[in-house]
1. Is it the case that some residue within segment B:233-247 is more than 16 Å from ligand 1 (Cβ to nearest atom), under 24 Å from B:Leu78 (Cα atoms) and touching a strand residue (DSSP E or B) at 6+ places or on another chain (Cβ under 6 Å)?
2. When you scan segment B:382-411, how many residues do you find that are more than 10 Å from chain A (Cβ to nearest Cβ), under 24 Å from B:Ala98 (Cα atoms) and either out of contact with any strand residue (DSSP E or B) (no Cβ under 9 Å at 6 or more places or on another chain) or surrounded by 15 or more Cβ atoms within 10 Å (Cβ to Cβ) (or both)?
3. When both residues are 6+ apart or on different chains and their Cβ atoms are under 9 Å apart, which pairs have a first residue that lies in segment B:197-221 and is assigned by TED's automatic domain parsing to the domain that holds B:Leu139 and farther than 21 Å from B:Phe120 by Cα, and a second that is of a type in the set (Phe, Trp, Tyr) and open to solvent by less than 20 Å² (accessible area, probe 1.4 Å)?
4. Would you point out the residue of segment B:249-261, among those that are touching a residue at least 12 places away in the same chain (Cβ under 8 Å) and away from ligand 2 (no atom under 15 Å from the Cβ), that is least open to solvent (accessible area, probe 1.4 Å)?
5. Looking at the structure I just gave you, is B:Tyr189 under 20 Å from B:Arg121 (Cα atoms) and surrounded by fewer than 22 Cβ atoms within 10 Å (Cβ to Cβ)?
6. Give the number of residues within segment A:45-88 that are in contact with a Ser or Thr (Cβ under 9 Å, 6 or more places away or on another chain), within 11 Å of chain B (Cβ to nearest Cβ), open to solvent by 20 Å² or more (accessible area, probe 1.4 Å) and of a type in the set (A, V, I, L, M, F, W, C).
7. Taking segment B:172-182 only, how many residues are outside any helix (DSSP H, G or I) and either more than 13 Å from chain A (Cβ to nearest Cβ) or free of Cβ contacts under 8 Å to residues at least 40 places away in the same chain (or both)?
8. I'm trying to understand the selection: among the residues of segment B:333-368, which are out of contact with any Phe, Trp or Tyr (no Cβ under 8 Å at 6 or more places or on another chain), over 19 Å from B:Leu78 (Cα atoms) and in contact (Cβ under 8 Å) with a residue 24 or more places away in the chain?
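The values are calculated or read from the model by the stated rules, or taken from the named source; none is laboratory data. Since the structure is predicted, the reported quantities are computational estimates derived from the model, not experimental observations. In this analysis, Cβ positions are derived from the backbone assuming ideal geometry, glycine residues included, and neighbour counts consider all displayed protein chains. Side chains included, ligands, DNA and RNA excluded: accessible areas come from the protein's heavy atoms. Shrake-Rupley method; radii C 1.70, N 1.55, O 1.52, S 1.80 Å.
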Amino acid sequence: MRMTIIEAIQNAHDLAMARDDKVVVFGEDVGFFGGVFRCTAGLQEKYGPSRCFDTPISELGIVGSAIGMAAYGLKPVVEIQFADYVYPAYDQIVSEAARLRHRSGGDFTCPLVIRMPSGGGIYGGQTHSQSPESLFTHVAGLKTVMPSNPRDAKGLLLAAIEDPDPVIFLEPKRLYNGPFDGHHDRPIVPWKKHDLGDVAKNYYTTPLGKAEIVRAGSKVTILTYGTMVHVAQAGANEAGIDAEIIDLRTLIPLDTETIEASVKKTGRCVIVHEATKTCGFGAELSALVQSSCFFYLEAPVTRVTGWDTPYPHAQEWDYFPGPARVAQNLKKVMEV
Amino acid sequence: MHKDPQPLSLHVPEPGCRPGDAPDFSDFIIPKAGEARKPALDASAQSMRDMAFSIVRVLNKDGKAVGPWVENLSVDQLKSGLRHMMLLRAFDARMLIAQRQGKTSFYMQSLGEEAVSCAFRMTLKDGDMNFPTYRQSGLLIAGGYPMQMMMNQIYSNAEDPLKGRQMPILYSAKDYGYFSISGNLGTQYIQAVGWAMGSAIAGDTKIAAAWIGDGSTSASDFHASMVFASAYHAPVVLNVVNNQWAISTFQGMARGEVATFAARGHGFGIPSLRVDGNDYLAVHAVAKWAADRARAGLGPTLIEHVTYRAGGHSTSDDPSSYRAKGEGHAWPLGDPIERLKTHLIMLGAWSEERQTQAETEIMDEVREAQKAAEAIGTLTSGKSSSSRDIFEEVYAVMPPHLVKQRKEAGY
Ligand SMILES: Cc1ncc(C[n+]2csc(CCOP(=O)(O)OP(=O)(O)O)c2C)c(N)n1
Ligand SMILES: [Mg+2]
């Protein structure tokens with residue numbers, strides 16, 4: 001069945017709720033309206049308002065109450081309307097959800113999924129475009145996931161819901177309706193007309209912690225995730241370079257095996273993410289690659305990322321690390 | 001006698017009507033205009049508890065100003081009030097169209113709520129500071145901020161004072177008493193309290209006005225603001241604009257269906273009252289009273305402006321999927337422009353003909369500003385803001401890593 005990422009996420013919620021009545025879904029505008037991006041459409045009608053409901057506008061309240069419900073024994077799957085609005089909940093995520101199992105000696109646990117649309121490309125300016133993944137990957141006790149297509153969105157979300165620990169589930173909103181490759185001036189193929197829009201109807205999980213090689217290659221490894229998986233492919237095509245592209249899918253736990261095997265094979269590594277550069281997840285990847293593949297490297301590990309500035313409104317496409325920037329850096333790395 | 005424990009169930013607030021239902025405001029109790037008393041400036045929160053459950057209204061059904069809150073504004077003041085609201089409405093209408101034409105990315109209007117910001121602004125003095133949300137553009141219009149500057153910002157053109165960095169309408173205008181809008185709901189509220197505390201610390205005479213929507217009062221920022229404002233008697237007016245909706249969520253969610261937003265102030269000992277937000281005269285009078293209290297060192301006041309969001313939440317929103325059809329027409333407090341117009345006509349200072357003529361003149365004025373802004377550029381044409389500006393002003397002095405990145409970006 002062909003689905004958009006939005007439909008795949010809605011479908012994952014639906015199957016999880018049907019299978020397990022401990023699964024509850026809530027957030028701002030999530031109930032009657034079905035979410036501002038429609039990711040929870042129809043769930044309230046189907047499962048009733050005590051399993052899918054609207055909340056007051058308090059991200060702290062959403063996450064804090066979800067932690068309490070998880071401690072009670074439910075499986076909350078909550079939506080933060082935009083990742084840019086998660087900060088009021090940060091204390092609850094970092095100091096509470098992430099550490100509950102550890103600090104209570106396993107007495108209390110926190111099986112909880114916090115979903116949030118992230119990334120730019122929609123003229124959302126600094127408050128609807130952020131990619132805050134490294135603020136979560138830096139915290140011990142959290143898992144962090146970001147799908148790049150409908151099939152994975154469904155499987156990863158179901159795996160996140162099954163997971164016994166808190167999972168941050170980042171949804172690249174620019175991919176919701178199609179595989180945007182960074183060419184903002186060209187129409188995108190909708191998921192409905194794309195093979196990756198093929199989503200099995202049944203319940204399935206895509207394991208957390210497993211990367212996927214989306215394109216095999218021999219000259220350079222590109223490590224990326226989310227929207228940038230598609231941008232990286234466009235960039236590699238335009239540079240005409242035989243790149244191996246790895247969609248990490250899960251940032252923590254990280255599939256170090258797949259990464260190391262690929263870089264040892266190609267001898268070069270370019271990391272592509274939309275988030276700002278300094279202390280971004282690319283810094284972690286870069287450190288990992290240089291320490292585990294040092295003697296195989298033929299060029300310095302290179303990062304292609306958003307600039308270290310707030311995300312701009314009008315100058316969006318000069319900020320966004322599009323295919324041209326990826327191609328340019330690939331060529332540079334090949335010249336070494 | 002021992003009883004078996006009953007299974008519990010979760011209460012989830014829902015509005016009385018949704019699409020398919022007939023709009024119904026019958027349980028919305030509206031006191032008569034003129035009925036509310038006017039407490040002394042130094043009244044305690046306790047002595048005016050009832051005012052958090054009533055509504056101060058001045059203009060009655062016939063457009064007459066009645067009761068103790070009548071301030072006797074001059075005809076000129078009333079006419080400029082009407083003009084400000086009409087300007088704001090015309091401005092919104094033109095910018096909505098501009099957004100549809102692709103000249104900008106996004107827009108949010110104040111339709112139906114014009115009296116709140118326009119009347120409030122007239123009670124502030126030079127140097128006072130508003131900490132607004134995106135739905136108080138009337139503070140700029142009534143404050144005399146050039147419309148073309150607003151449009152330059154909306155279009156992110158080369159003359160945009162915010163250099164293309166911010167989404168449309170997240171203005172900043174310090175000289176006009178308008179703090180930079182964040183986009184993250186609620187953050188500005190406590191900052192207003194802090195600004196007011198700053199004025200007190202410095203022995204200044206300026207006051208601050210904090211603004212928040214009904215939905216956003218759920219944010220902890222709102223509660224922290226009240227703790228600080230009451231603890232330090234901060235010279236601040238705490239405004240809650242209850243326009244009944246927060247995107248698709250009705251206001252009963254944020255107040256728990258039982259209290260009022262004004263009543264939130266009681267736990268903090270803050271004098272709190274509700275005002276008819278579609279009544280220019282009532283908003284003006286209550287705002288003046290609260291501002292005078294702040295200036296006299298009597299501390300914060302919480303004002304709930306009762307109004308209605310007559311339009312969609314934003315250009316990304318279609319309210320017909322969550323609001324009953326015709327709800328706006330059924331809204332019992334009417335339209336702020338109509339009501340002030342009727343009052344002016346009743347005073348013999350205005351007429352329907354002059355209203356029609358004013359509408360045309362005002363629309364022309366807005367079009368002029370729009371032409372001038374578009375002559376510079378829009379989001380998609382003409383001279384746009386520079387990409388060099390992505391890197392400027394992140395810090396006062398650009399650190400080396402940004403200098404390098406700017407070069408890499410080609411600027
Ligand atoms: C912290 C945060 N959470 C969520 C949002 C998304 N959001 C933008 S406006 C809005 C509704 C606000 O409603 P209300 O406070 O009543 O103001 P109104 O739009 O009615 O003026 C929401 C949820 C946001 N901007 N910031
Ligand atoms: Mg509202």
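1. At the first step, the residues of segment B:233-247 found to be more than 16 Å from ligand 1 (Cβ to nearest atom) are B:233-237.
Now restrict to residues that are under 24 Å from B:Leu78 (Cα atoms): B:237.
So of that shortlist, the ones also touching a strand residue (DSSP E or B) at 6+ places or on another chain (Cβ under 6 Å) come out as B:237.
For segment B:233-247, residues more than 16 Å from ligand 1 (Cβ to nearest atom), under 24 Å from B:Leu78 (Cα atoms) and touching a strand residue (DSSP E or B) at 6+ places or on another chain (Cβ under 6 Å): present.
2. Qualifying residue count, segment B:382-411: 1.
3. B:Ala219/B:Tyr189; B:Asp221/B:Tyr189
4. We begin by selecting, within segment B:249-261, every residue touching a residue at least 12 places away in the same chain (Cβ under 8 Å); these are B:249-257, B:260-261.
The next check asks that each one be away from ligand 2 (no atom under 15 Å from the Cβ); those that pass are B:256-257.
Details: B:Gly256: 39, B:Glu257: 68 Å².
Only one residue fits best here, namely B:Gly256.
5. Details: under 20 Å from B:Arg121 (Cα atoms): yes; surrounded by fewer than 22 Cβ atoms within 10 Å (Cβ to Cβ): no.
The answer is no for B:Tyr189.
6. Looking only at that region, the number is 3.
7. Step one: filter segment B:172-182 for residues outside any helix (DSSP H, G or I), giving B:172-173, B:177-182.
In the following step, the residues that additionally are either more than 13 Å from chain A (Cβ to nearest Cβ) or free of Cβ contacts under 8 Å to residues at least 40 places away in the same chain (or both) were identified as B:172-173, B:177-180, B:182.
Qualifying residue count for the region: 7.
8. Matches in segment B:333-368: B:Met363, B:Glu365, B:Arg367.
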